[in-house]
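The values are calculated or read from the model by the stated rules, or taken from the named source; none is laboratory data. Quick caveat: nothing in here was measured; it's all calculated off a predicted structure. Cβ coordinates were reconstructed from backbone atoms using ideal geometry, including for glycine residues, and neighbour counts include every protein chain displayed. Ligands, DNA and RNA are excluded from the accessible area calculation, which covers all protein heavy atoms including side chains. Shrake-Rupley method; radii C 1.70, N 1.55, O 1.52, S 1.80 Å.
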Amino acid sequence: MSVADLLAEHGSPLWLANLDVVRDRQKSFAAAWRAEWPDVEIAYSHKANRLPAILRALAETGIGHQVACEAEYCLARSVADADGRSIVVQGPAKPPALLDRAAADGALVIADTLAELRRLAAAGVTRVGVRVCLPGVGHGTSHFGVPMAELSMAPRHAAALGLRIEALAVHLVSAGFDRPMAEIPRLASALVVKWPQPPERFAAAAKMLAGLAVRMGVPVIDVGGGFPPAPGEGAYARAVTGAIGGAGFEGRVLVEPGRALVAHAVDLAATVTAVKRLPDRRRCIVLDVGTNLLPGTLFAWPNLEAPGTHDPAAGQALVTGPLCSNVDVLHPAADLPALAEGDAVVVRGVGAYQQTQSTQFGDLRPAVVARDDGHWRLVSRRETVEDLIATDLGADVPQATP
């Protein structure tokens, strides 16, 4: 089916999730890492995209799950039918209900502070790890993890609580600030984004982690995620495993990819709602999708294409969304052909951190269609007004509108 056909059947805008690509990316990623290290465990990071259809497709491959909140934990267990021992719980805030479930299921829980070990023990968690704080992007260090100066105390803290540290974990962050936060008047004014990080940066972090694991007698190192999509899996796997092998580590390597598996697997189809000339004569194309669905535009301009047309670019165009906000801009100068109202535009490669971070600002959330074994099918219906007010305790819910 063409994009125009899918939009006509399911409405615009429309998420296009390719489950065949998801499975292919997982297979390729796993093969690249297992070719370099004999004992590799892969846990998909739900925060990248937790669309149930994607979770089910990944579950078919036998992959593990990395979750950062109770909702993601529930999805791993109920949607992906994950075994508890295949789940890794990360994040700086773990409510009691999440810890209770993780304890009962035998999940691996990564502590963000040494003090958190006491909460894990009290909840009955038996499999614990510790996240190590690394330098951040821009100014200062990341606010995640245990400072290096405190790390030597971790085994003693754990032992006093009847615990043994199973894993040491790191995760390279990709965003930070170009000066101390106390000097920043507005959050976005000092934002620095560095992604993807080069293989050498991952190798340096892995070497440090492996050396600590050897000295502390920890059997698993968790090198986190942040890896770019294909075709770079092999280069990153070789860099990381070479570094940890050189440090004398011989145990299990845990990898938590998110973007690497789903970034290229989801597009967003949109419709042109207006084409106009601004006072400075620039062409302006207005789409029915905006930064409410594509919050990643804050960090990088997306790739926009006009499917079904072979016309040459008609010059650069400002591309904006439908929101009543002057900062609802998708691209300042996109090379697009001559377009008219009703034409389709596709935003390519938005499978990571777009759907999960999208908001309810603006119109109803789009439906999702998925390509599965070569065929497109509806996997998530379009949101309705009833969905918007379903949790309201005082409203009379109207009948669905066609």
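Amide H to amide H, which residues 5 or more places from Ala169 or on other chains are under 5 Å from it, using H placed in the peptide plane?
Those qualifying (amide H under 5 Å, at least 5 residues apart or on another chain) are Val130, Arg131, Val132, Asp222.
Quick one: which residues, 5 or more positions from Tyr353 or on another chain, have an amide H under 5 Å from its amide H? H modelled 1.01 Å from N in the peptide plane, none for Pro or chain starts.
Asn49
Any chance you could check the Cα centroid distance between region 237-278 and region 80-100 for me, in angstrom?
22
How big is region 68-206 on each of its three principal axes, counting only the C-alpha atoms and giving the largest first in Å?
Over region 68-206, Cα extents along the principal axes are 44, 38, 32 Å.
Using helices alone, what [θ] at 222 nm do you get for the chain, with -39,500 (n - 2.57) per DSSP H run of 4 or more residues, divided over all residues and rounded to the nearest 500?
Result for the chain, helices only: -8000 deg cm²/dmol.
Quick one: 3J(HN,Hα) in Hz for region 245-262, Karplus 6.51/-1.76/1.60 with θ = phi - 60°, rounded, Gly and Pro as x.
x, x, 8, x, 7, 10, x, 8, 10, 9, 10, 10, x, x, 4, 4, 9, 10
May I ask you to evaluate 6.51 cos²θ - 1.76 cosθ + 1.60, the Karplus curve with θ = phi - 60°, for each residue of region 310-317 and list the ³J(HN,Hα) values in order in whole Hz, giving x for glycine and proline?
10, 5, x, 4, 9, x, 6, 9
Stick to Cα atoms and the Kirkwood definition of Rh, then tell me Rg/Rh for region 196-341.
1.20
So which aspartates and glutamates can Lys94 reach, going by Cα to Cα under 14 Å and dropping same-chain residues fewer than 8 places off?
Glu70, Glu72, Asp112, Glu116
Bin width 10 Å, alpha-carbon pairs only: give the P(r) of region 322-402 as whole percents, running from 0 to the bin holding the largest distance.
11, 33, 36, 17, 3
With +1 assigned to the C-beta of every Lys and Arg and -1 to the C-beta of every Asp and Glu, and no other charges, what is the dipole magnitude of region 136-281 about the Cα centre in debye, to the nearest 20?
300
With every protein chain left in place and a probe of 1.4 Å, what is the accessible surface of His157, to the nearest 10 Å²?
In the full protein context, His157 sits at about 80 Å².
Residue-wise, which Karplus ³J(HN,Hα) couplings in Hz belong to region 31-41, taking 6.51 cos²θ - 1.76 cosθ + 1.60, θ = phi - 60°, and x for glycine or proline?
5, 5, 6, 6, 6, 9, 8, x, 10, 10, 10
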